[in-house]
Amino acid sequence: MTQETGGFAAFNLNPNILAAVIATGYEEPSAIQHQSIPIIMAGHDMIGQAQTGTGKTAAFALPILHRIDPAKREPQALILAPTRELALQVATAFETYAKQMPGVTVVAVYGGAPMGPQLKAIRNGAQIVVATPGRLCDHLRRDEKVLATVNHLVLDEADEMLKLGFMDDLEVIFKALPATRQTVLFSATLPQSIRAIAERHLRDPQHVKIQTKTQTVTAIEQAHLLVHADQKTSAVLSLLEVEDFDALIMFVRTKQATLDLASALEAKGYKAAALNGDIAQNQRERVIDSLKDGRLDIVVATDVAARGLDVPRITHVFNVDMPYDPESYVHRIGRTGRAGREGRALLLVTPRERRMLQVIERVTGQKVAEVRLPDAQAVLDARIKKLTNSLSPLVADAESTHGDLLDRLTADIGCTPRALAAALLRKATNGQALTLAAIEKERPLVPNNAPRGDRPERTGDRPDRGDRERRAPIPLAEGRARCRTALGARDGIAAKNLLGAILNEGGLAREAIGRIQVRDSFSLVELPEDGLEKLLTKLKDTRVAGKQLKLRRYRED
């Protein structure tokens, strides 16, 4: 079902909504909007498969607003989002499109903010509720009838909600909603868990699928850099010297890594901050606002913390740590190059992560070109260019305004104008090296693209692969079973990858998972003996690094 050309006017939207859309500067609907808006306006349930950055928020916001009755002061539409950032982004979009609809109110419901004002806004008749599942369940425990009047439900980024462990919360919310509601589900991927939800809770849904994996990233210049794990911070600092960026987001895997890298960047004079799940909500909002208005230029973030982050200034994305899967890679680099803007994405790849790079290239259908660390000459040229750009605007009238002062200072100090200018340049650059020899001394990195023979030889005895593969497993703790997967180090797998996948898809608490041993060609994971077969069934479709996990009980005899 496609819409003929004619812009947004062809959808016959409420004139007030159309006026708000035109005011934002949008002229032509995107592919997902073309197909979704007529279906949702007609009241059908729908499953939409599309990546972030394709315009899917407007695809459901516009038709839902069209069906809202401003005269009814009660919740009429519920939009569920996996994170606070995305909930706020969606709520802002609704407010933008509803600007010329008097009486329509939007409330964002998320953790980290007081519950009282949120519940009061719902009870006072906010027609649009945008919520994270966990916080909404908190409200339902206080008032189980709070959603009784909702007749439109949207699950935005449903796959991410399940990865974050919201399955049980979703079921609670479904039960609290009227059975006659319209349900729309958007998801970048459609694993079996999402299909199961659709079968249980959607009525004859129409399907819309936008092939965007290559479209999402075609506007983005992609490159990768081979680097050893202990070289990453030095590599990032070298790249920042030569990259011409406005604002930049860096992705790492752990909360501690956000703090460590942000601290290293601040020490070098960059305006940087960390963004992770432990940071209080008000501080997270300040970080994003600072990135938007230029008080910050770099944010170092984990995947969950950055979901929904849309800042027009972001021109670059650095994947400092390899993402867990290709879909996460596409989500990450989608922070730049949005809405037709150009962007650049750089991926740091350690030797054992090369296979994952190949998976990303295969899934996205694009080659991620290899680049090298900038050499000393490139760094020198970049530093001089920045200095030139900063001084050029000051030269035009400097002699007329400061010429007499120059004469007096050279006389008082007893130096030549050249010597004084050199001293002022030293001060302006904070003593930064501006010679090849000095820059070479700053660069402790071994050239990371050098052939193996050009690198220092390792010392000490190393067991051969057979010895490593055959070494005995660590004894099992009581109540645990050991399971095996054919995925190992040669597949680019680390213990963190396996842990994250099992936590997300298995619904286990962290303490339920025991030791994880990653070998070259397989890995061993300790899981609870109780309910093991049911757990393995639940994990059967789980993928790690683009491959099926396929966990099986490990027989050690």
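Taken together, the values in this text are just the output of simple stated rules run on the coordinates, not laboratory data. Computed from a predicted model, the values in this text were never measured in an experiment. Because the Cβ atoms are built from the backbone with ideal geometry, glycine has one as well, and the counts that use them run over all protein chains shown.
If you sort the three axes of the alpha carbon gyration tensor as a ≥ b ≥ c, you get a/c under 1.5 for the range 215-376, which makes it rounded. Under 11 Å from a label point 7 Å along Cα→Cβ of Ser193: give me every residue in the range 518-542 with its amide N that close. What the label zone holds, given the 11 Å backbone N cut-off, is 538-542. For the chain, the mean residue ellipticity at 222 nm estimated from helices alone is -12500 deg cm²/dmol, where every DSSP H run of n ≥ 4 contributes -39500 (n - 2.57) and the total is divided by all residues, rounded to the nearest 500.
Report, in listed order, any pair from Lys386/Lys427; Lys120/Lys145; Lys367/Lys550; Lys268/Lys292; Lys56/Lys175 with a Cα-Cα distance greater than 18 Å. Violating the 18 Å limit, Cα to Cα: Lys367/Lys550; Lys268/Lys292; Lys56/Lys175.
Beta bridges per DSSP, both residues in the chain: antiparallel share near 20 percent. Once you reduce the range 267-282 and the range 395-432 to the center of their Cα atoms, the two points are 38 Å from each other.
Once both labels are positioned 7 Å from their Cα atoms along Cα-to-Cβ, the gap between Arg313 and Lys271 label points is 0.5 nm. Please check which bits of the range 227-260 a label hung off Lys386 would reach, taking the label as a point 7 Å along Cα-to-C-beta and the cut-off as backbone N under 14 Å. From the range 227-260, the list is 236-248.
Here the chain is assigned +1 on the Cβ of each Lys and Arg and -1 on the Cβ of each Asp and Glu. Its dipole about the Cα centre then comes out at about 1160 debye. Projected label points at Asp244 and Ala113, each 7 Å from Cα along the beta carbon direction, are separated by 4.0 nanometres. Using R₀ = 22 Å, calculate the FRET efficiency as 1/(1 + (r/R₀)^6) where r is the Cβ-Cβ separation of Ala280 and Thr254; round to 0.05. That gives a FRET efficiency of 0.75. Once each of the GluC sites (Glu not before Pro) sitting in a DSSP loop with at most 11 other beta-carbon atoms within 10 Å is removed, the chain keeps 28-341 as its longest stretch.
With the simple spin-label model, which puts each label point 7 Å out from Cα in the Cβ direction, the Glu529 to Ala423 separation comes to 8.0 nm. Compared with the alpha-carbon gap, the fully stretched path from Ile22 to Ala42 is longer by 5.0 nm at 0.36 nm per residue. Listed values (i) 175; (ii) 203; (iii) 304 include one computed from this model; for volume of the Cα convex hull per residue in Å³ that value carries the label (ii).
Restriction of the trypsin sites (Lys or Arg not before Pro) in the range 94-154 to DSSP coil positions whose beta-carbon has at most 11 other beta-carbons within 10 angstrom yields Lys145. Kindly point out which whole DSSP H helices in the chain project their C-alpha atoms 27 angstrom or further along the helix axis while averaging a Kyte-Doolittle hydropathy of -0.5 or above. Qualifying helices: 376-395.
For Lys496, the lysines whose Cα comes closer than 16 Å to its Cα, not counting residues fewer than 8 places off in the same chain, are Lys163, Lys255, Lys547.
Rounded to whole Å, the principal axis extents of the Cα atoms in the range 249-292 read 26, 22, 14, largest first.
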